[in-house]
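None of the figures in this text is laboratory data; all of them are computed from the coordinates on show. Source: prediction; values computed, not measured. Counting neighbours? That spans all protein chains shown, and the Cβs are built from the backbone with ideal geometry, glycine included.
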Amino acid sequence: MSEICKCAMAEAEVLKKDGIDTDLLEPTLKEYSAVKGSLITILQHAQDIYGYLPVELLNYIALRTGIKAAKVLGVATFYAQFRLEPIGKYLIMVCQGTACHVNGSEAVQQALEEELGIRDGQTTSDGLFSIKSVACLGCCSLSPVMMINGEAYGTLTPDKARGIIADIRAKEAQNK
């Protein structure tokens, strides 16, 4: 067995202890690891599977693809689509585009941060919410707008945004 294979197996064991089953990524690695220029595709599939890209997983991908770990980490940190930390069950993206900005998105963002007790890019301690400012959601006619897990909420005010969070919390409490 090659030294690379031994290292990849050791890295897989470390990941397994952290609850990340590398076997789920095997079909992707088998299909793309030898295809030049497919690193972004591999990282996208990995993030779809695990929800984020822990550094240990990036090392594993580097070992399995033969791409230098620094390059894998560089790609994962360069593109905004990739996350190195887990996100909450509800990902709140607050639009900061021109129309939203002009119509009060900063006040909405501030209200959400106060309501959740977190700042941009953070996740609540209960793992329920993450908040992220984004350049544009493409819903200018609804400005100011936020998107939660793909659902747009428009013509927001700070109070309306707080109410949406309260509704989600209430729904979560009922489901427990």
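Data overview
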| read-out | value |
| --- | --- |
| Calculated FRET value between Ser133 and Asp23, using beta carbons and R₀ = 30 Å, to 0.05 | 0.25 |
| Charged-residue dipole, Cβ positions (Lys, Arg, Asp, Glu), the chain about Cα centre, Debye nearest 20 | 300 debye |
| Nonlocal amide H pairs with Ala152, under 5 Å, H built at 1.01 Å | none |
| Per-selection Kirkwood Rh - the chain (Cα, Å, 1 d.p.) | 18.0 Å |
| Ordering of 92-99, 148-155, 81-88 by packing [mean C-beta count within 10 Å, highest first] | 92-99, 81-88, 148-155 |
| Cβ-based exposure ranking for Leu128, Leu58, in which fewest neighbours within 10 Å come first | Leu128, Leu58 |
| Average Cα contact separation per residue, the stretch 6-78, under 8 Å, 6 or more apart, as relative contact order % | 32 percent |
| The chain: relative contact order in percent, alpha carbon pairs under 8 Å with at least 6 residues between | 17 percent |
| Simple label model, 7 Å out from Cα along Cβ direction - Asp120 to Asn175, nm | 2.8 nm |
| Förster radius 35 Å - calculated FRET efficiency between Thr77 and Ala166, Cβ distance, rounded to 0.05 | 0.50 |
| Cα-based convex hull, the stretch 90-175, per residue volume (Å³, whole number) | 77 Å³ |
| For peptides 134-146, 111-123, sequence by mean Cβ density within 10 Å, most packed first | 134-146, 111-123 |
